[in-house]
Amino acid sequence: MNLSTFDPPVFSEDDQRLLADIADALKVCDNPHVAHLEQTIQESIGRLKHLADVMQAYPSLLQSQSLGQQKRDNASLIDALSHATLFTVDMLLPMRALVGQTYIMARLNFFRLLHQVVQEALGDCSDFTTLEDAIGEQISQSIHAKVIESLLISMVCDNTLKDAVRTKGASVLTRLWDNRFSKRIEAYFPVLETTWEARRHTTVQLGTLMGVSEIFALMREGGDLRFVDYFSRDTCPHDELQAFREFLFGVSAEELRIMDKKMKDGKNRVFTTQDADTTLSLPSTYLYNHSATDFVTQLYLFFVKRHLEAHTRRIRNLQGPKRTAEEFVLVYFLEQACAEGK
């Protein structure tokens, strides 16, 4: 493969190093399909770059546009978004944002393709694990970008939040949409990015459901201490603690209540992951309780299932956390940004 094709802004320096390592490994690989695999990667790179060009061709969201006497700018877009609902927001999304959402999925699927190539041709390679881990990190970043955008849109449309918070969320969204290449998502919310990545590597024990081993594991894997500190404060509301337990254990609040009752009644002293019914969900989200064999789908479901369940509780006023742990932290950061005038 020609390394000249691995140019920015589509690929970061980390991306380029990964692609170069895969290209070097394929050169010395004895797989009979190497030429076809290289061609497939090249074609996918071309399509990804083309999609990025289409996104960039649409007007910047940070500049003013006019059509006759009609004018719009970043401020009018932020105002419209901050008064939207989940039923109307799609009609307000600029094409730059919509194509950007497609680009994120294309980027995610590109790295899934690389994962398949590495498994197919380099499974016996000494660098296989290193390459696979590096690809996994890029896949995680794409999923994080997709999730954070979904969470921000949800908050912007949440009329239970203060107007200033919704406006701040809309402002962050427009900057994120305007140029998805200039800053990765952790530049906006570093606490979430590092904690998500640490959670991906954390092994759940359950045990007495105190979460001590999970918290230590989260910190050991590089989780941001500020995330844990937020839920460790003395004034932390019960529903936020429930959301944090969902995040730690990967088990719904409904199932955790059942397990807590069993412990209180003396039926169980400790639990293992085999004891937990991780498929328990609210009726409206049964659709998402399918078996996810693909680790990419599993990673995405870890976020989206909790988000949809929390949203269902909120609109139906059901018992349990009305937001995910990430959403509570995200709202806090937006409130802090409002208070500091950032």
Quiz item: Do you know which of the residues in the range 296-314 that are among the charged types (D, E, K, R) and in contact with a Lys or Arg (Cβ under 8 Å, 6 or more places away or on another chain) is surrounded by the most Cβ atoms within 10 Å (Cβ to Cβ)?
Solution: R313
Quiz item: Out of all the residues in the range 30-45, which are surrounded by fewer than 18 Cβ atoms within 10 Å (Cβ to Cβ) and within 25 Å of the chain's Cα centre (by Cα)?
Solution: S44
Exercise. Considering only the range 246-262, state which residues are of a type outside the set (A, V, I, L, M, F, W, C) and crowded, with 21+ Cβ neighbours inside 10 Å.
Key: E246, S252
Quiz prompt | Residues within the range 315-337 that are surrounded by 16 or more Cβ atoms within 10 Å (Cβ to Cβ) and in a helix (DSSP H, G or I), tallied | solution = 10
Quiz item: Among the residues of the range 65-73, is any within 15 Å of R175 (Cβ to Cβ), out of contact with any Lys or Arg (no Cβ under 9 Å at 6 or more places or on another chain) and surrounded by 12 or more Cβ atoms within 10 Å (Cβ to Cβ)?
Solution: yes
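Restricting to the range 98-140, and then to whatever is among the hydrophobic types (A, V, I, L, M, F, W, C) and outside any helix (DSSP H, G or I), can you tell me which residue is modelled with the lowest pLDDT?
Of the residues in the range 98-140, the ones among the hydrophobic types (A, V, I, L, M, F, W, C) are 98-99, 104-106, 108, 110-111, 113-114, 117-118, 121-122, 125, 128, 131, 134-135, 139.
Next cut, outside any helix (DSSP H, G or I) only: 122, 125.
Details: L122: 80, C125: 76.
Residue satisfying both the conditions and the ranking: C125.
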Quiz item: Can you name the residue in the range 81-97 that is in contact (Cβ under 8 Å) with a residue 24 or more places away in the chain and part of a helix (DSSP H, G or I) and, of all such residues, is surrounded by the most Cβ atoms within 10 Å (Cβ to Cβ)?
Solution: L81
Quiz item: Just for the range 309-334: of the residues that are of a type in the set (S, T, Y) and closer than 13 Å to M155 by Cα, which one is modelled with the highest pLDDT?
Solution: T324
Exercise. Output the qualifying pairs, or none if there are none: Cβ atoms under 9 angstrom, residues six or more apart or on different chains, first residue in the range 67-80 and closer than 15 Å to R96 by Cβ, second residue surrounded by 15 or more Cβ atoms within 10 Å (Cβ to Cβ) and polar (S, T, N, Q).
Key: N74/S60; N74/S171; N74/T174; L77/T174; I78/T167; I78/S171; I78/T174
Quiz item: Taking the range 211-245 as the search range and keeping residues that are out of contact with any helix residue (DSSP H, G or I) (no Cβ under 9 Å at 6 or more places or on another chain) and of a type in the set (V, I, T), which one is surrounded by the fewest Cβ atoms within 10 Å (Cβ to Cβ)?
Solution: T235
Exercise. Tell me which of these V251 doesn't satisfy, since it passes every other one: (1) modelled with pLDDT of 70 or more; (2) assigned to a helix (DSSP H, G or I).
Key: (2)
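The values are calculated or read from the model by the stated rules, or taken from the named source; none is laboratory data. Just so it is clear, the model here is predicted, and its values are computed rather than measured. Here the Cβ is made from the backbone with ideal geometry for all residues, glycine too, and neighbour counts use every protein chain on show.
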